[in-house]
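The values are calculated or read from the model by the stated rules, or taken from the named source; none is laboratory data. Just so you know, these numbers come straight off a predicted model, no measurement behind them. All Cβ positions, glycine included, derive from the backbone under ideal geometry; neighbour counts span all protein chains shown.
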Amino acid sequence: MNGISHRQAIKLIDQRLDGLLKESQLLLLEEHLRSCDSCRAYAAQMDLLPARLQNEFHARWDERPGASQKIIEHVTTKARKFPMGKRISSGLKLVAGAAALVVAALFINLVLSQIQNVSTAASEGVEQKPTPEPTQISSPDGLVAFVSIQNGNSEIHTMHTDGSGVTNLTNSPAEDHDPVWSPDGRRIAFVSERDGNENIYVMNGDGNDLIRLTEDPASDMIPVWSPDGTKIAYTSQDPNENISSIYIVDSTGQNRRRLSDDVPGPVLVWPEAWSPDGQYFFFHINRQILKVNVSSGETTPMTPQEDIPSQFVLTKDGSKLSYLDLCTQNPSGFCNRVKTVQEDGTGAEEMATLQLQQVCKSEDPSSTNGTNHYELIKWSPDRTKILFAFYCEENGGLFYIANADGSEFKPLTDYPILYESSGFDWSPDSQFVIFSSALDNAQSDTPYLLDIPATLQNPSLRPTPLNTSAAQISFFAWQPLP
């Protein structure tokens, strides 16, 4: 996230729908949406609202084309009430009027048939696959933390992986978001505005024992737990001074200190990951991944200056870093190189290039929505797979998957997954993914579980919907197994 708060982002999203944002406001909002799953979910719902209303109008019109039966009966009744002395002249007028109505009806039917033909042609141009039935699976262990927006206010909840046992952990009128489980799965770090601006808090997995970790006028966000659960790294951005930097603090709220140099300007410093031994912390800034020694503060660049790295992950032993290097600026396409580098920043090696000429397919040639998409990318916890979630503004979204070295990049399912841009997460054993989709209800999103190994064997396999009472779910965080 950036200089605007969670609440400000919601307001800008509403104003964007009305076309009221300036260019500078759009840039601020786009930067915020890259890091805030809950705001991105709300923005996706707002972006889809005009299309849904238009589709509903067309559906009703197509269902009852032409003049209604009430209009026809009304015209007939009026015709029968003419006085006898005026029947001849009125009859001639009625014939002329009827002829005009016939011509008008023929013209309307011709227009409707052309519209329906275009709609049919468009649908015939896309291969239609039957939607498979939901797959019943045995729900994995553990809880899932998530954000649910109720009446415009985001709260942090947990639920079982079958959708049951929904519990509101925060119960605050302020915005609470970005939950992150501790490595032992007992505590949750999150961001809240309950004290006036964004600060980092920690609570138990049941919502008890709340601790405020940060207390300053800056916006503190994106918490990252250390492997032993004793420290949390995060970004602190001061909108007044227009600077941001990485800080660390004990998980009890003690010993807060700055870990990186202040970075001026609107560029946000992104905290990413700790080394397995907790001695180093990796962060992302201005098209470069860096490593900082937690004790000495010494910083080492990890990627070549000519690269444009985005997502990255450390191997289990911390000996290598795998990252994606952007290779196109085309907004409608996707191109990233999978690269690796040694833990000391040497020996960069390109593994594969992942490329799509056009991510989103539009049925309307004049539409610009087909060129726009969001993407969320995550390596599996066992570091064997990379899952790519693409959200298209016009027609939902889709999943792609690849091996960790970039090989076998392909669609995960052979039908549109209708991913709702609300985030997803892997299960700790790398067997399942939880996400939101509009597969069963075009008017709202529903959380689903997808069995990854089974879907790789059968791309027609449909995810299992979770029967949950929560609404407008985003930012899933799966509880680690002890």
### Query
under 23 Å from Phe390 (Cβ atoms), among the hydroxyl-bearing types (Ser, Thr, Tyr) and touching a strand residue (DSSP E or B) at 6+ places or on another chain (Cβ under 8 Å) - does that describe any residue in the range 300-321?
yes
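Per-residue answers, yes or no, for (1) of a type in the set (Gly, Ala, Ser); (2) over 19 Å from Asp344 (Cβ atoms):
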position: Ile211; (1), (2): no, yes
position: Asp220; (1), (2): no, yes
position: Val224; (1), (2): no, yes
position: Gln237; (1), (2): no, yes
position: Asn242; (1), (2): no, yes
position: Ser260; (1), (2): yes, no
position: Pro264; (1), (2): no, yes
position: Asn286; (1), (2): no, yes
position: Thr300; (1), (2): no, no
### Query
Considering the range 315-331 alone, what residues qualify as being touching a residue at least 40 places away in the same chain (Cβ under 8 Å) and of a type in the set (S, T, N, Q)?
Thr315, Ser322
### Query
What strands (runs of 3 or more DSSP E) lie completely within the range 390-474 and have 2 or more residues being modelled with pLDDT under 90?
396-403, 419-426, 432-437
### Query
Can you name every residue in the range 454-482 that is within 20 Å of the chain's Cα centre (by Cα) and among the hydrophobic types (A, V, I, L, M, F, W, C)?
Leu466, Ala470, Ala471, Ile473, Phe475, Phe476, Ala477, Trp478
### Query
Can we say Ala121 is aliphatic (A, V, I, L, M), modelled with pLDDT of 50 or more and surrounded by fewer than 17 Cβ atoms within 10 Å (Cβ to Cβ)?
no
### Query
List pairs: first in the range 341-354 and charged (D, E, K, R), second surrounded by fewer than 16 Cβ atoms within 10 Å (Cβ to Cβ), Cβ under 6 Å, 6+ apart or cross-chain?
Glu343/Ser319
### Task
Please list, ordered by first then second residue, the pairs with beta carbon atoms under 8 Å, 6 or more apart or interchain, first in the range 359-387 and exposed (fewer than 15 other Cβ atoms within 10 Å of the Cβ), second part of a strand (DSSP E or B) and at pLDDT 80 or above.
Thr384/Asn403
#### Entry: One residue from Val269, Val294, Val338 being at pLDDT below 95 and of a type in the set (Val, Ile, Thr)
Val269
